[in-house]
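To start, the structure itself, in structure tokens.
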């Protein structure tokens, strides 16, 4: 009886020792703790150590994924993509694979390789069966379009998730606020300065109109007084310069205004938007 | 026999109760090894080194070297700094291996390489001329590096005989070209360019090689001068002065522009030479041997 008792006691002690958290779990927690404290360089080192010593490859997905996140946090997007791809290769479930792919898409959006982001989303879309995954794809496609400055397409993509989606409304507003570059140029051909006034640059528009009137007056006056050379000189050196400058200026102002609107929206998204961002 | 079976039953029990868990948890035994022991750090550091993650490898090697003194690891540790461009630290660490039994020559070569790539050419030349720890096995390589260093700063080029004889025949013709491009650069004189443009507007620019700009300057200054004279002749004094002012402005600008164009041309000559030399030697690893441990 005594012998049996001793054997059971030894057995329990032995098994309980093995049941202690192993070094690899401790290492994973240690690395994750570093990541949570924004010590990304050290976190990467510790995740790499974990990968090196984990012969069973049990924690490889998690470690590679976290390394990708560290690089992403440090804006090293090429490295981040490399490690998310490794995470995908070491994934054990469809969910892990999808998670890695979406992260790669998000990095591509951030580094503005939007064509690649679209390619990846196309690949995901062809095999997406659940509504949740499809919505996720529409969401990130919308973000891709926003980074491509295609606000109407972005709006259409967000509308597929919800016709009243917050980002759809935002994209519609951007599209409405933007000015037409072609229209600004064309009206500047017809009436110098009109394009600038259309884009909200009233002083520049009036100055442009004034310069064109003065140089036209001087040109016509010279031709009327039979000073043909003077007329040609003023026409080419003065009037043509101001007329051409007015058209280029109108186009430039329209482009700048549109960039400003898009940038302000992206700044808003970066700083104030509460939803998931790339 | 009965006693033997009883004893065997006892042994089987011991096996199943104690040894089987050990087998099952053998992975845990691997896990239980200390990931931060010197041996583990060396293994992990070597892995990072082979993956070219030199900064992290250097940290692991440093920790390992706190417990174990190993020349190969110290050499790798110094190489990590060399690879990430921290040449001063690399040189300091290679210096510490000058007395090493196995890696003496390699560390001396690596020291000279570190000083060279640190662009501390004066120290490099002083060390070489004073035969400071010259690695005799690699004397030719160091000598070549010594001569290459003259392409990268403004020091006076050494005599051609010694210079060219240090390089292998396959490289000699290119080295000669570099030597003469360095010694007699095709610079344009900014003063000459300015004087020429003062004499005939645009001529300085043509001298520098900007022919279209030169003719444009001549045309614009000429037209404005003609307009000024023509207007003064017809008593249009205001327009006369306007064109005269514009003409003077363009004339002055043409002189200044010619001098500036000569300076830009000279900067281009120097830049092209530097990039050609750098590209040529980088492609050939500065004619240095690759040391593998």
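Every number here is computed from the coordinates shown, using simple stated rules; none is lab data. Since the model is a prediction, treat every value here as computed from it, not as a measurement. Quick reminder, even Gly has a Cβ in these numbers, built from the backbone with ideal geometry, and neighbours come from all protein chains shown.
Stokes-Einstein diffusion coefficient for chain A at 25 °C in a medium of 0.890 mPa s, Rh from the Kirkwood formula over Cα pairs: what value in µm²/s?
102
Once label points are set 7 Å from the Cα along Cα→Cβ at both residue B:177 and residue B:132, what is their separation, rounded to one decimal in nm?
If labels sit at residue B:177 and residue B:132, their model points lie 3.6 nm apart.
Within 10 Å of each Cβ in B:220-227, how many Cβ atoms from other chains are there, averaged over the peptide?
What the average comes to for B:220-227 is 1.
Equivalent ellipsoid semi-axes for segment B:214-292, as square roots of 5 times the alpha carbon gyration tensor eigenvalues: give them largest first, rounded to whole Å.
Largest first, segment B:214-292 gives 54, 8, 6 Å.
Could you work out [θ]222 nm for chain B from helices alone, using -39500 (n - 2.57) per DSSP H run of at least four and dividing by all its residues? Round to the nearest 500 deg cm²/dmol.
One gets -23000 deg cm²/dmol as the mean residue ellipticity at 222 nm.
Just the ratio, please: alpha-carbon radius of gyration of chain B over 2.2 N^0.38 Å, N its number of residues.
1.88
On average, how much area does the Cα convex hull of segment B:144-293 cover when viewed from any direction, in nm²?
If I average the Cα hull's projected area over directions, I get 12.3 nm².
Could you work out how far helix B:169-183 tilts from the main Cα principal axis of chain B, as a 0 to 90 degree angle to the nearest 10?
40
Using only the Cα atoms of the protein assembly as shown, build the gyration tensor, take square roots of its eigenvalues as a ≥ b ≥ c, and label the shape rounded, prolate or oblate: rounded if a/c is under 1.5, else prolate if a/b is larger than b/c, else oblate.
Note, shape of the protein assembly as shown comes out oblate.
Using the Cα gyration tensor of segment A:143-244, with a ≥ b ≥ c the square roots of its eigenvalues, what is the shape: rounded (a/c below 1.5), prolate (a/b larger than b/c) or oblate (neither)?
Prolate, since a/c reaches 1.5 and a/b exceeds b/c.
Could you list A:172, B:274, A:78, B:159 in order of exposure, starting from the residue whose Cβ has the fewest other Cβ atoms within 10 Å?
Listing A:172, B:274, A:78, B:159 from fewest to most nearby Cβ atoms yields B:159, A:78, B:274, A:172.
Anyone know which of B:92, B:230, B:69 comes out most mobile in the 10 Å Cα GNM of chain B?
B:230
What ranking of B:265, B:151 emerges when the number of other C-beta atoms within 10 Å of each C-beta is taken as an exposure proxy, fewest first?
With the fewest neighbours first, B:265, B:151 line up as B:265, B:151.
Would you mind checking the tilt of helix A:23-36 against the longest principal axis of the Cα atoms of chain A, expressed as 0 to 90 degrees and rounded to 10?
30
Specify whether the C-alpha gyration tensor of segment B:69-155 places it in the rounded, prolate or oblate class, a ≥ b ≥ c being the square roots of the eigenvalues: rounded for a/c under 1.5, otherwise prolate if a/b is larger than b/c and oblate if not.
oblate
Between residue A:89 and residue A:25, what is 0.36 nm times their sequence separation minus the Cα-Cα distance? Round to one decimal in nm.
Length gained between residue A:89 and residue A:25: 20.9 nm.
Semi-axes of the equivalent ellipsoid for segment A:23-177, please: Cα gyration tensor eigenvalues, times 5, square-rooted, ordered largest first, whole Å.
33, 17, 12
Kindly express, to the nearest 10 degrees and within the range 0 to 90, the angle between helix A:166-177's C-alpha long axis and the longest C-alpha principal axis of chain A.
Here the helix axis deviates by roughly 10 degrees.
Please compute, for the alpha-carbon atoms of segment A:209-272, the extent along each of the three principal axes and give them in descending order in Å.
In descending order, the Cα extents are 66, 15, 9 Å.
Any idea how far the Cα center of segment B:178-213 sits from the one of segment A:135-172, in Å?
58
If each of residue B:260 and residue B:286 carries a label point 7 Å out from its Cα toward its Cβ, how far apart are those two points in nm?
Taking the simple label geometry, residue B:260 and residue B:286 are separated by 3.8 nm.
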